[in-house]
Every structure is written in C-alpha cells, then in structure tokens.
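For reference, the structure discussed in these notes is given below.
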C-alpha cells in the first residue's frame, strides 16, 4: 500500500508541474538547429540542409549539422546565447536581437573612402619643414644653416635652410634626376625646379593601364599634362580582403568612390533566429 502511495504521489507531482523541467541555463553545453535571417526574411545561415536548399543558399562544401556550444561562454554572439536560455528540449523559439547583442553598431572610423578619379600634381614642394626634435632624432648630429644632410636609408641629399623650433630642408635635386617612386607604378624625373617647387614628369601616357602593388584593381591614366596626371581606379566586383592580423575588409566601388569597410558585414542589423533545442549535454552545477 505504501509503495502504491509513493507512485501516486510521483504521478501527481509530474502532472501538477512540481517536478522541475530541464531548461537551458548559463553554462550548459547544448546542441541546436538554427536558422539566421534578416528582418525582411532573407536567410543568411542555417544548420538544416533542407532549409538551405529551399532558400537557394545550399553549398555542397558546407557541412549541415546541429551546432554545439556552451551557453554564455562567448562561443556565439551574446544575443544568440541569451536567446536560448530557458528553452527546453524539443522546443523551437524565434527571437530577434539588436545590433548591440549581435555584431555591433556601424563604426564610421572603420570605413575609409577614396576617390575613383584622382589628380596627382606634377609640382611638389622643394622645401619641407620638420620639428627640431625630429630633425635631431633623424640625423644624430649638430648642423647649421647651409649644411648638407642625407636622408637616412635613401641617399637623398638636402640643404639645411634654417634651424629654430622647426627645421627647413631643401631637396638638392637638379633637372634630369630620378626621384623615388615609393611604390607607384611609374618612374619620376625632375623636369625643372625653383626655390620653392620641383616640377616632375611621370613616365606614363594617356590611356596607359598600370597596377599599383598590393591593390586588387588596376588603374587607367586618363590625362597627362604639365600640371598633373589624372588617374581612374577601375571598378571590381564587391569583395573581401584579409588584413595582416586577420581582420576582414569589404571593398566596393560606386560611381565616385572606393569604400573600404572593416565593420562586420552584419554590423548595424537586427537579426532573427529560429532555434530548436536538440539536447543539453551538461548542466551548470551552480
């Protein structure tokens, strides 16, 4: 009789909700299927092969399988991790997260904009001005006005014009001398010079196509004259490039500009997730 009473009590506890349901808590290791979408319904990522095929985002190189992670450990964006807390096995939950809980707001300082068409002057200053402290650090010796110094690692000679809080230096070029191109895809020759300016000639002609080093696109010379050369950077399809430290930069062209954006491609966007909890492998013992 006592055994029957215990069984009945257990039955009542289960069906009256007195037994705690196993739900996701911070620290749990869980496995889920999920689909990530934009607010307009565009599917970005899914762990479900059938959904990928239905949404025309299927890739044979992708492995479609449930995703396992530790809740609250930083394995995912915080909004996704927070969103699954409280779910029970077999439950499907749909929730939307803001950029603050996703990939952040767009940071303007991570966006650089360059013109598609650029004008490069053929006249450059002959005299430069640098702070005295920098001059001493570069040349390591005491100099006076009229002395000739050589720029470190270049062999370029300059005359000291004056020394005070700042130092004025004049290039000692003459007509016909070659100037460093500093990576530009052309040679630079001194055409003429006066006390203030150096006029140079670039070894290109109109309609030439040149390639700057470490640049994905090529460049066309659209005008050459005594005052400048005008170049046009030729558009390429939108792409991503990886930096030295692994950061990705998205590159895109419009009619007037080259936009190089280091923000995550989903920065500034609200994201919607449909998540089905498959298993909880380990419970947090707090």
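The values are calculated or read from the model by the stated rules, or taken from the named source; none is laboratory data. Predicted model, so just to flag it, every value in this text is computed and none were measured. For neighbour counting, all protein chains shown are included, and Cβ atoms are generated from backbone atoms with ideal geometry for every residue, glycine included.
Applying a threshold of 7 Å to beta carbon distances and a minimum spacing of six or more residues, or different chains, the list of pairs starting in segment 43-55 at a residue that is in contact (Cβ under 8 Å) with a residue 40 or more places away in the chain and on the phi < 0 side of the Ramachandran plot and ending at one that is surrounded by 15 or more Cβ atoms within 10 Å (Cβ to Cβ) and assigned to a strand (DSSP E or B) reads 44/36; 44/37.
Going through (1) out of contact with any helix residue (DSSP H, G or I) (no Cβ under 6 Å at 6 or more places or on another chain); (2) in contact (Cβ under 8 Å) with a residue 24 or more places away in the chain; (3) within 19 Å of residue 126 (Cα to Cα); (4) surrounded by 15 or more Cβ atoms within 10 Å (Cβ to Cβ) one by one, residue 179 falls short only on (2). Just one of the numbered conditions (1) part of a loop (DSSP other than H, G, I, E, B); (2) more than 30 Å from residue 229 (Cα to Cα) is not true of residue 183: (2). The requirement of being in a loop (DSSP other than H, G, I, E, B), surrounded by 14 or more Cβ atoms within 10 Å (Cβ to Cβ), on the phi < 0 side of the Ramachandran plot and in contact (Cβ under 8 Å) with a residue 12 or more places away in the chain is not satisfied by residue 213.
Which is exposed (fewer than 12 other Cβ atoms within 10 Å of the Cβ) and touching a helix residue (DSSP H, G or I) at 6+ places or on another chain (Cβ under 9 Å), of 100, 109, 141, 63? Only one candidate passes the filter, namely 100.
Only one entry in 155, 146 is assigned to a loop (DSSP other than H, G, I, E, B), within 21 Å of residue 196 (Cβ to Cβ) and either at pLDDT below 95 or over 34 Å from the mean Cα position of the chain (by Cα) (or both), namely 146.
Quickly run through segment 211-241 and pick out the residues that are in contact with a strand residue (DSSP E or B) (Cβ under 6 Å, 6 or more places away or on another chain) and farther than 27 Å from residue 122 by Cβ. 238, 239, 240, 241 - these are the residues of segment 211-241 that are in contact with a strand residue (DSSP E or B) (Cβ under 6 Å, 6 or more places away or on another chain) and farther than 27 Å from residue 122 by Cβ. So, of the residues in segment 186-196 that are touching a residue at least 40 places away in the same chain (Cβ under 8 Å) and assigned to a loop (DSSP other than H, G, I, E, B), which turns out to be nearest to the chain's Cα centre (by Cα)? The selected residue is 196. Can you find, within segment 243-271, the residue that is surrounded by the fewest Cβ atoms within 10 Å (Cβ to Cβ) among those that are within 8 Å of the chain's Cα centre (by Cα) and assigned to a strand (DSSP E or B)? Looking at residues that are within 8 Å of the chain's Cα centre (by Cα) and assigned to a strand (DSSP E or B), I get 248. The set of residues in segment 167-176 being out of contact with any helix residue (DSSP H, G or I) (no Cβ under 6 Å at 6 or more places or on another chain) and in a strand (DSSP E or B) consists of 168, 169, 170, 171. One residue stands out in segment 30-60 among those that are part of a helix (DSSP H, G or I) and out of contact with any strand residue (DSSP E or B) (no Cβ under 8 Å at 6 or more places or on another chain): the one that is nearest to residue 70 (Cα to Cα), namely 49.
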